[in-house]
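Report on the structure given below.
Quick note: the coordinates plus some simple rules give every number you see, no bench work behind them. Note that the structure is a prediction, hence the values are computed from the model and not measured. In this analysis, Cβ positions are derived from the backbone assuming ideal geometry, glycine residues included, and neighbour counts consider all displayed protein chains.
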Amino acid sequence: MNILILVSSLDMGGAQKQAVVDANMLAPSHKITLGMFDSGETGGALREMLDGRVEVAIFRKTNYISTAVRLARFLREQEVQVVHCHLYAPMLTAGLASLMARVPVIWHFHGHHFEVRKLPLNLLSLLPTVKKIIFVSSMLSRYFEKNFWFPKNKMAVVYNSSQSKKQPLLKGKDEPLRIGFVGRLVGLKRVQYLINLAAWLKERQFMDFEIWVIGDGPERKALEELAGSKEVNEQVKFLGFRTDVENLYNQLDLFILPSEEEALSLALIDAHNCGLPCIAFDVGGNKEIVQDGETGYIVHSETELQQKALELCRNKELRLQLGANAEEYAKIFSEQNHLQNLLNIYTRYA
């Protein structure tokens, strides 16, 4: 099958990462092109992750009409059979291009920040060439069903997948307990909660721990300054953007995601896949990953987060039990399940 996966850029984000993962999984058996409008300022790392069999095409984006014309020409010339779009600009452009090239289009939503663009999406969703509209969680699907006019028969949930796996013995016995976070350092991730947690744990005389903040973003400097002001520089380690995240997960004991917004967190899925108990807030699709009291905890306040974190820090047996449950539950997010769901959709419409 000849498939074009279309993203806005390769700037690091959950949608872009899943697009690259999908391209790599499909490449051994299908002709895959990863298309984008530009490489992005931080696109080098994801580009390096691409399977060598995945072709890359860059469509210079001017206005939507002219870009759609160029995309339609590419679809015809390359005999593309299906277009799988992530993020708003690819959805709109591919929808318009499909009117000229008559190629089936799949939309894939990773979040709900589309209110200001509601009308174009609603109208284009009615096109006969827009065949399926995928959401990464049931929560997100319900949100769009309530707030948009998408045809219900086109809507489907396909969970994100994880490539991370548990690798025992990466952490030494005498190393400190490690709490981890993976994600962009932006306001909605509320990474300051982890810095506050470090200070709170120290106040309660729990000293043998580290918090690894894995990722980068515009809030990093302010967060480092906050850690300094709370005198937890030695406990809170800012590791920056890393390509060896699986190895880092496997050196952690506990994973915390303090975000105030999520659709379906790849970081939570990866953490569970590596056998880590997780603490996350009751937002988005978090409850579809973290089974409260079974694989970790769903919390509703910063105070509750701190209390549950201390409980898990002090109770190794509980950490290990929740982590084992998490690894087992995470099988629903396997690459095999995700790939089969995509292929079922592709083959139905291509």
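Within a straight-line Cα-Cα reach of under 13 Å, Lys316 can be paired with the following aspartates and glutamates, leaving aside sequence neighbours fewer than 8 residues apart in one chain: Asp253.
With an 8 Å Cα cut-off and a minimum separation of 6 or more residues, compute the relative contact order for the chain in percent. All intermediate terms of the calculation are to be shown ahead of the outcome.
On the way: 655 pairs, mean separation 48.7, N = 350.
Relative contact order for the chain comes out at 14 percent.
By other beta-carbon atoms within 10 Å, ranking Arg184, Arg178 with the fewest at the front produces Arg178, Arg184.
Placing +1 on the Cβ of every Lys and Arg and -1 on the Cβ of every Asp and Glu, with no other charges, gives the chain a dipole of roughly 1420 debye about its Cα centre. In terms of overall dimensions, the C-alpha atoms belonging to region 177-331 reach 39, 32, 29 Å along their principal axes, ordered largest to smallest.
Could you give the length gained by full extension between Leu169 and Leu127, i.e. 0.36 nm per residue of separation minus their alpha carbon distance, to one decimal place?
Values: separation 42, 0.36 × 42 = 15.12 nm, distance 5.27 nm.
Full extension from Leu169 to Leu127 adds 9.8 nm.
List, in the order given, every pair from Lys118/Lys221; Lys61/Lys131; Lys132/Lys165; Lys166/Lys202; Lys165/Lys189 whose Cα-Cα distance in the structure shown is over 26 Å. In this structure, Lys118/Lys221; Lys132/Lys165; Lys166/Lys202 exceed 26 Å between Cα atoms.
The order of Asp216, Asp38, going from fewest to most other C-beta atoms within 10 Å of their C-beta, is Asp38, Asp216.
The slack between Leu99 and Asp38, meaning 0.36 nm per residue of separation minus the straight C-alpha distance, is 19.6 nm. Across region 123-135, rounded Karplus estimates of 3J(HN,Hα) from the backbone phi angles (6.51 cos²θ - 1.76 cosθ + 1.60, θ = phi - 60°) give 5, 5, 4, 7, 4, x, 7, 7, 8, 9, 10, 9, 10 Hz, Gly and Pro being marked x. Compared with the direct C-alpha span, the chain from Glu335 to Ser66 gains 93.2 nm at full extension, assuming 0.36 nm per residue. Once both labels are positioned 7 Å from their Cα atoms along Cα-to-Cβ, the gap between Phe241 and Asn153 label points is 4.3 nm.
In deg cm²/dmol and to the nearest 500, what is the mean residue ellipticity at 222 nm of the chain if only DSSP H runs of at least 4 residues count, each as -39500 (n - 2.57), divided by the residue total?
Working: 13 runs with 142 residues, N = 350.
About -12500 deg cm²/dmol.
Computed from Cα atoms, the angle from the helix 192-203 axis to the main principal axis of the chain rounds to 10 degrees. Computed from the Cβ-Cβ distance with R0 of 22 Å, the FRET efficiency linking Arg53 to Asn344 stands at 0.50. Computed over neighbours whose Cβ is under 13 Å from that of Gly285, the net charge equals -2, Lys and Arg +1, Asp and Glu -1.
Determine the relative contact order of region 181-296: mean sequence separation of Cα pairs under 8 Å and six or more apart, normalised by residue count, in whole percent. Show your work: numbers first, answer last.
Values: 165 pairs, mean separation 29.9, N = 116.
The normalised contact order for region 181-296 reaches 26 percent.
As a proxy for reagent exposure, ranking His300, His30 by other Cβ atoms within 10 Å from fewest up yields His300, His30. With a Förster radius of 45 Å applied to the C-beta separation of Glu203 and Lys146, the computed FRET efficiency comes to 0.55.
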